[in-house]
Amino acid sequence: MHAVTANPLPLRRPDRLKALPLLVLLASSGLPVNYTLGPSRTMLVADVADMTAAAASSANTLSSTANLLLLGSLYACSACMLLARPRSVGLVLGRNWPLLLMMLLLAASAGWTYLPEKVAMNVVHNLGVILIALAAALHYRHQVNALPRDIGLVLGANLALQVAAVLLVPAWAVDWQGRWQGLTVHPNTLGALGFTTFWANASALAVNGQLRSGVGRLHLAGCVLAVMAMAGADSVTSKMCAAAALLLVLGMRYLTRRQAKRRLYIGIMLGGTLGFLLFRLLGSAIDVGWLLALLGRDSKLTGRDDVWRDAYQAIGMHPLLGWGFDDHAYLIASAGMPYSSYHNGVLDLAVNGGVVAVLLLALLFANWALQHLRRGLLAARCAPFSLAFVLPYMLHNMAEASYVSPRGQMWVLFLALLFVGACKLPPTGVRHAAA
């Protein structure tokens, strides 16, 4: 089967607005909806501990009325939109059964966690972003190449506000170390926003080929803003992910133009995964300090190796089912954990849900890859831009933690790509097409 980039069907009116909740959610990402901005100041160890404790407390669960109304509206709107497509929703979810098992594990962890209300809110937010991603998938199944185009424009506008804040109010948008953070809570958050913005806009340019049009210039401007944001935030992880995304976008464009066979795309996914695992293995067995120094990191990865050591210790105490999906509230309260995550997606998930959660995550990624082998699904049509996100997303989680994290933008983007790939192309002339 050849990779196809054309959109053979016109957009059906019944699914026209289903992408709106996703685009609104991305437009609000990194903006002060559930937190208050303040002037930058030197961050002390005690300040970090206070922020971590505040984030884990039960009082913070419903701390922002504006954020509660925004998310509640988006969740409810997506659910209402999906009521007209129960069969399509059931089929798409059934093709992604590891995700359903992950949600069951998440909900069940309320039985052994320190703050069950935290788990309850995580269940609500996870189900909410699943609804948002499902609704978006039913929209973009009609024209898959519109997905990076729309996301790129929305994230580009968001990032323009972030860069404008840095230029206009640096006392608020530049932290005490001189790193850009824009309107976000941390420079790494701005860096992550820069990475997703770069991926979406670069993918839109590659798959739609409209560089000289007005929309193409907007995508190019989005890429430039993303590079500026990642450089200003001095986020090495985001810069590495953006570089990997660019290589994958260009490589997939080259293969698509030459109508590469499906087995080659599977080889790229397997090669990328094996390369990822090899890098992890070499990093633990061989001194790669020189490479880290070249990338602007110290040999301890800005203290992350100490954080990972604590994660292994926590996993060893509850290896099977973890401590529960309570935002590490029990560990923060009982063991004095001074950080809100373990800066590694797999380790963070293992602390929450144990070996079972990690296994389900592996099955979810394997299921995403195998969708490209099924001729009746859209995964092959999404490959020119989905591969360029998912593989760098795995790379990003080597130093950050965003798996099963509904409050961040990356998890919902992954779910949207996962669900679009699990859809079937609606047949011509059928109003209520099967998923």
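The values are calculated or read from the model by the stated rules, or taken from the named source; none is laboratory data. This one's a predicted model, so the numbers in the text were calculated from it and none came from an experiment. Heads up, the Cβs are rebuilt from the backbone with ideal geometry, glycines too, and the neighbour counts pull from every protein chain shown.
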Checking LEU93 against (1) surrounded by 14 or more Cβ atoms within 10 Å (Cβ to Cβ); (2) at pLDDT below 55, which single condition isn't satisfied? (2)
Mind checking which residues of segment 126-179 are part of a helix (DSSP H, G or I) and acidic (Asp, Glu)? ASP150
Restricting to segment 309-349, count the residues that are surrounded by fewer than 17 Cβ atoms within 10 Å (Cβ to Cβ) and of a type in the set (Val, Ile, Thr). 0
Here are some residues: TRP172, TRP176. Which one is touching a Lys or Arg at 6+ places or on another chain (Cβ under 8 Å), touching a residue at least 12 places away in the same chain (Cβ under 8 Å) and more than 28 Å from LEU417 (Cβ to Cβ)? TRP176
In segment 335-389, how many are under 17 Å from the mean Cα position of the chain (by Cα), polar (S, T, N, Q) and over 19 Å from VAL307 (Cα atoms)? 1
Would you check if ARG253 is among the charged types (D, E, K, R), modelled with pLDDT under 95, more than 18 Å from LEU155 (Cα to Cα) and outside any helix (DSSP H, G or I)? no
What number of residues in segment 110-130 are in contact with a Pro (Cβ under 9 Å, 6 or more places away or on another chain), farther than 15 Å from ALA422 by Cα and buried (at least 20 other Cβ atoms within 10 Å of the Cβ)? 4
Being modelled with pLDDT of 85 or more and under 20 Å from ASP327 (Cβ atoms) is the filter here, so list the residues in segment 58-69 that pass it. LEU68
Which pairs have Cβ atoms under 7 Å, sit 6 or more apart or on different chains, and link a residue in segment 85-101 that is closer than 14 Å to ARG141 by Cβ to one that is outside any loop (DSSP other than H, G, I, E, B) and of a type in the set (A, V, I, L, M)? ARG85/LEU138; SER88/LEU138; VAL89/LEU82; VAL89/LEU134; VAL92/LEU134; VAL92/ALA137
Restricting segment 370-383 to residues that are of a type outside the set (D, E, K, R) and surrounded by fewer than 18 Cβ atoms within 10 Å (Cβ to Cβ), which is farthest from TYR114 (Cα to Cα)? GLY376
The one condition in (1) within 25 Å of PRO148 (Cα to Cα); (2) more than 13 Å from the chain's Cα centre (by Cα); (3) surrounded by fewer than 20 Cβ atoms within 10 Å (Cβ to Cβ) that GLY408 fails to fulfil: (2)
In the set LEU104, LEU161, LEU167, the lone residue that is surrounded by fewer than 17 Cβ atoms within 10 Å (Cβ to Cβ), under 24 Å from PHE419 (Cα atoms) and more than 18 Å from the chain's Cα centre (by Cα) is LEU104
Do the conditions hold for LEU147, that is, is it closer than 30 Å to GLY421 by Cα and touching a residue at least 60 places away in the same chain (Cβ under 8 Å)? yes
Anything in segment 152-184 that is within 21 Å of PHE414 (Cβ to Cβ) and touching a Ser or Thr at 6+ places or on another chain (Cβ under 8 Å)? List them, or say none. GLY152, LEU155, GLY156, ASN158, LEU159
Can you find a residue in segment 185-194 that is closer than 22 Å to GLY408 by Cβ, in a loop (DSSP other than H, G, I, E, B) and touching a residue at least 24 places away in the same chain (Cβ under 8 Å)? yes
